[in-house]
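For reference, the structure discussed in these notes is given below.
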Amino acid sequence: MSVATVPSALSLPSSWTSGVRREVLSNGLTLLVQRDESAPVVAVVTRVLAGFFDEPDRWGGISHVLEHMFFKGTSRRSVGAIARETKAAGGYLNASTSYDHTSYFTVLPAHGLEAALDIQSDALRHSVIDDGELARELQVIIQEAKRKLDTPGAVAYETLHELMFDRHRIRRWRIGHEDVLAGFRRDDLWGYYRSRYVPSRTVVAIVGDIEVDAAVELAERAYGDWAPGVPATDRSPEEPPRLGVRARTLRGDVTQAELALGWRAVPPLDPDATPLDLAAAVLATGRGSWLYRSLRQTGTVTSVSAHNYSPTELGVFAISADLEPARLDDAVRGIAEAVARLRLDGPSDEDVDRARMLMRARWARQMESMEGRASALAAAEQLEDISLLDREYEALAATSAGQIREAATRYLEPDAVSAVVYLPHGEGIDLTGEALGRSFAAALLPALPPVRTAPVTRRPRVHATGSTEGGVLHVVLPGVDLLVQRKAGVPLVTLGVYVPRREIEPADQSGLGALAVRSAVRGAGPLDGTALAFAFERLGGTLGTATASDWLGLGTTVLSEHLAEAAGLLRLVHTEPRLGEREIEAERGVMTAEAEQVADDMFRFPFQLGFRVAFGNQGYGLPVGGLPDTLPELSASDVRDWHTRALLGARPVVLAVGDVEPQDAADILAGVFVDAPHRPRGYDLSPLAWQQTRGEPALSVVTRDKAQVAFAMIFPGPRHRDPRRPAAQVWAAVSSGLGGRMFEALRDRRSLAYTVVASAWLKARAGALVSYIATSPDREAEARSAMLDELARFGHELVSDAELEQAVNYLAGQAEVARQSAGALVGEILEAWISGAGLTELADPAAAYRRVTREQIRDLARECLVPSSRAEGVVRGTGGPRAS
């Protein structure tokens, strides 16, 4: 079958709103309920029409503050009880504030719906907004604001909004500024709460494996007696039309340049919204997109993306890229050329088919989870009504190449572009409005290379005989193991080919495995990188790589009906990658830039520093993506040798999880892989020694011009196959997250940080118990001391019965919740197969948690959480000036 003739019809549901019951209660609240039996899970999403656009300047950031206070107690529930009760019911909860709304969501086993509605409705309706709790939480939010200032992409993108708009509230720093936040009082919050949080501005969406009538009855009981209230609205000033090129350059302590360009676009209900969505996909969605091919594939940028964002009353069409500062002119010119081609020539039918397929498949993936579907229903209802979902989906199929070109011509005008670039101190040249305008006014229209197609052989099926364990069909072939599991819900299948990391990369070749796998997707057999991208994207998926600590591989998610074609393509990439000099050189350059950019990530970088102290220059001590000083030294022959030895020399496992019949899928996959060269079964990922010895804690400290200090503590712990693994996971559930001991002690009571994490890090060769916090520089010592004190408590005293029960219920519930997603199931199966004891782990994961005792947690803490044995990675911000 030729790549160009792979079927592109998308066999997805004709209606995403089928079976939705809509009720408007007498108080004005809108209730949406839909049954989904694909997993024993339910989601409750509450969407309130109150966001940053609704805030007068004196209350900038108040919507987000109120979102935080949602969890801070009611007349019936004390501080922390909302999170603890949700956790005890097996669920998680969270919230987010956007420009036009605030959303609260909880996801838990379906049998917990009544508890979820009671908790959520109480928090929504009866928040007490205590003065003392507000004062403490404002300090947490100020830490969150500082964390955002330390995130280069966020700074560039929100500065772009400030540059693009003169009056509308989208131009404001949406989380709020420290001086305004610190001045909020209870009366401010109470006035906003009582006027915005009213039934007529609220939609509650329930999706899951529930009885619709029973769910409606429970919801009416929870919300029916909520008094209607008098809604208040404070609309943003209107933005006057304008033309004119604008540019701004920021400088700060960053390693790479962040570039963001934007145009004013249209609100979500405008007829041009869908053509602009597709225009963004043509430009930058998938490896076959114009900007990926012209900028990312050539190494001009590290990453590139485009989107059309439409919050309620306006729109922003934006293109963003990460790049080396010296490449700024090339990147701007390349973007200008792509936009000019879109406006003047428009996309080809083939471009539109590819973009449409990806967008509709992405739509299906969003609807795979209960939370995703409930959020989509609530958003559509609040914009207009739920039928908007189906109409938007149909519009994707109906929009033509001509309509996309016309929309781009109307809105992506060369004399209306704005751009912000965030550059490192002393590197790169400032971007001026004159230079930006010149790039767009004089943009050339170089043709993209044509997509060269080649036949892809469809192999005949082979009857596969296997056995089922843990719900997974296992078929043993001479050269591979096939693992297949059915996951109903949406007609997609997630497919991958993976090999264990049997050998540890030498210290001077860190990143070699990742470079080999990532270079492989740049061309295989008769297909170059673009043809390979188009081949996958016309099946509804993108070709991706997996570069994990214990395995490497290739994967995709496609329409279930295209399983055979996708499997054939994956085998081609796995066994016949081109691995040419140019392809490897380009990917090596991108990976080197990415490795440098890790230093800007205030979460990842402290862990990278800490793990290097813990394990030294071996295995887990080195990042899988390599280091800035090792990657440039890797040669093409190193990559080819590694591919032959480590990728082709290992026995792969092929996974398929999705809306497929397991035996039918196994027969298809057997036809593709039955003649794979024989590889012996079994392998040993031997334990990796911990390098940090007990005596004094070992710290790796890097000082940066950042607003916060962030540190990660790494303690030796059990590996995945260790019988203490369940105790480590229960310890983490007691410690971390909303309702967790560390969260309450360090964040809720002391207001030390916005982000506090404790986790069990469980790998095939080693394990660790880890913790993390980011705080103000002047509170670093206090935060470290408080964290060590809380960790020490686990060894000195038993956790309470209530803490143990809550943690076990949470882990058991989340084991069900995670299985909503085919991608998550693939990850779970891979961990069991490569890092764990095999498929037996999948049968009843909750059983192991229920056997954990309080004494086992204490004994684990005494053995592992020894302060002198820890490794610690610290990124020490000075608290000084940042972007300017």
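Run the numbers on region 327-448 and let me know its relative contact order in percent, using alpha-carbon pairs under 8 Å that are six or more apart.
That works out to 46 percent.
Could you state, as a whole-number percent, how many of the C-alpha pairs of region 448-532 are farther apart than 16 Å?
Tail fraction, whole percent: 74.
Taking the Cα centre of region 735-830 as the origin, how large is its charge dipole in debye, to the nearest 20, when only Lys and Arg (+1) and Asp and Glu (-1) carry charge on their Cβ atoms?
In debye, rounded to 20, region 735-830 gives about 340.
Of all trypsin sites (Lys or Arg not before Pro) in region 70-121, which ones are in loop regions per DSSP and have a Cβ with at most 14 other Cβ atoms within 10 Å?
Listed in order of number, the matching sites are R76.
So which GluC sites (Glu not before Pro) in region 764-845 end up in coil per DSSP with only 13 or fewer other C-beta atoms within 10 Å?
E797
Would you calculate the separation in nanometres between label points at E114 and A442, each defined as 7 Å from the Cα along the Cα-to-beta-carbon direction?
The two pseudo-label positions are separated by 7.4 nm.
Between region 401-458 and region 232-282, what's the alpha-carbon centroid distance in Å?
Here the two parts' Cα centres lie 15 Å apart.
According to the square roots a ≥ b ≥ c of the eigenvalues of the Cα gyration tensor, what is the shape class of region 689-788, taking rounded for a/c under 1.5, prolate for a/b larger than b/c otherwise, and oblate for the remainder?
Judged from the Cα gyration tensor, region 689-788 comes out oblate (a/c at least 1.5, b/c at or above a/b).
If I stretch the segment between A792 and S75 completely, what's the gain in nm (0.36 nm per residue apart, minus their alpha carbon distance), one decimal?
254.7 nm
Might you tell me the accessible area per residue for region 24-147, computed with a 1.4 Å probe and given in Å²?
Heavy-atom SASA per residue in region 24-147 reads 28 Å².
Explain nothing, just the number: dipole magnitude of the chain about its Cα centre with +1 on each Lys and Arg Cβ and -1 on each Asp and Glu Cβ, in debye rounded to the nearest 20.
About 1080 debye.
Between the alpha-carbon centers of region 818-884 and region 73-147, tell me the distance in whole angstrom.
A separation of 24 Å, based on Cα centres.
Could you state the accessible area per residue of region 588-643 in Å², with a 1.4 Å probe and every protein chain left in place?
35
What Kirkwood hydrodynamic radius do you get for region 220-348 when you take the inverse of the mean 1/r over all pairs of distinct Cα atoms, in Å?
This gives a value of 17.3 Å.
For region 497-535 and region 679-719, what is the separation of their C-alpha centers, rounded to whole Å?
26
Cross-link partners among lysines for K487, C-alpha distance below 28 Å, same-chain residues fewer than 8 apart left out?
K87, K763
Name the lysines eligible as straight-distance cross-link partners of K146: C-alpha to C-alpha under 24 Å, and not fewer than 8 places from it in the same chain.
K72, K706
Antiparallel versus total DSSP beta bridges in the chain: what percent is that, nearest 5?
Taking every DSSP beta bridge with both residues in the chain, the antiparallel ones total about 80 percent.
Of V499, V282, A818, which is farthest on the positive side of the dipole of the chain, counting Cα position, with +1 on Lys and Arg Cβ, -1 on Asp and Glu Cβ, and the Cα centre as origin?
V499
Under a Cβ-Cβ cut-off of 14 Å, what is the net charge of the residues other than I829 that fall near it, where Lys and Arg count +1 and Asp and Glu count -1?
-3
Would you mind calculating the gained length between E596 and E427 on full extension (0.36 nm times residue separation, minus the Cα-Cα distance), in nm to one decimal?
Extra length from E596 to E427 when fully extended: 59.4 nm.
Let's see if you can work this out: charge +1 on each Lys and Arg Cβ, -1 on each Asp and Glu Cβ, no other charges. What is the dipole magnitude of region 796-884 about its Cα centre, in debye to the nearest 20?
The dipole magnitude comes to about 440 debye.
Ignoring any ligand, DNA or RNA, what whole percent of the accessible area of the chain comes from carbon and sulfur when the probe is 1.4 angstrom?
Ligands and nucleic acids excluded, carbon and sulfur give 49 percent.
Taking a probe of 1.4 Å, how large is the accessible area per residue of region 780-884, in Å²?
Accessible surface, normalised per residue, equals 40 Å².
Given the convex hull over the Cα atoms of the chain, what projected area results after averaging over all orientations, in nm²?
32.9
What is the sum of charges, Lys and Arg at +1 and Asp and Glu at -1, for the other residues whose Cβ falls under 11 Å from the Cβ of V180?
-3
Work from the charge dipole of region 752-884 (Cβ charges, +1 for Lys and Arg, -1 for Asp and Glu, about the Cα centre) and give the residue of Y849, L860, L788 farthest towards its positive end.
Checking the options against the dipole of region 752-884, the answer is L788.
Using helices alone, what [θ] at 222 nm do you get for the chain, with -39,500 (n - 2.57) per DSSP H run of 4 or more residues, divided over all residues and rounded to the nearest 500?
Calculated from helices alone, the mean residue ellipticity at 222 nm is -11500 deg cm²/dmol.
Count neighbours as other Cβ atoms within 10 Å of each site's Cβ, and list the GluC sites (Glu not before Pro) in region 344-388 that are DSSP loop with at most 16 such neighbours.
E384
The values are calculated or read from the model by the stated rules, or taken from the named source; none is laboratory data. All values reported here derive from a predicted model rather than from experimental measurement. Ideal geometry is used to build each Cβ from the backbone, glycine not excepted, and the neighbour counts take in all protein chains shown. Calculation scope for accessible area: heavy atoms of the full protein, side chains included, ligands and nucleic acids excluded. Shrake-Rupley method; radii C 1.70, N 1.55, O 1.52, S 1.80 Å.
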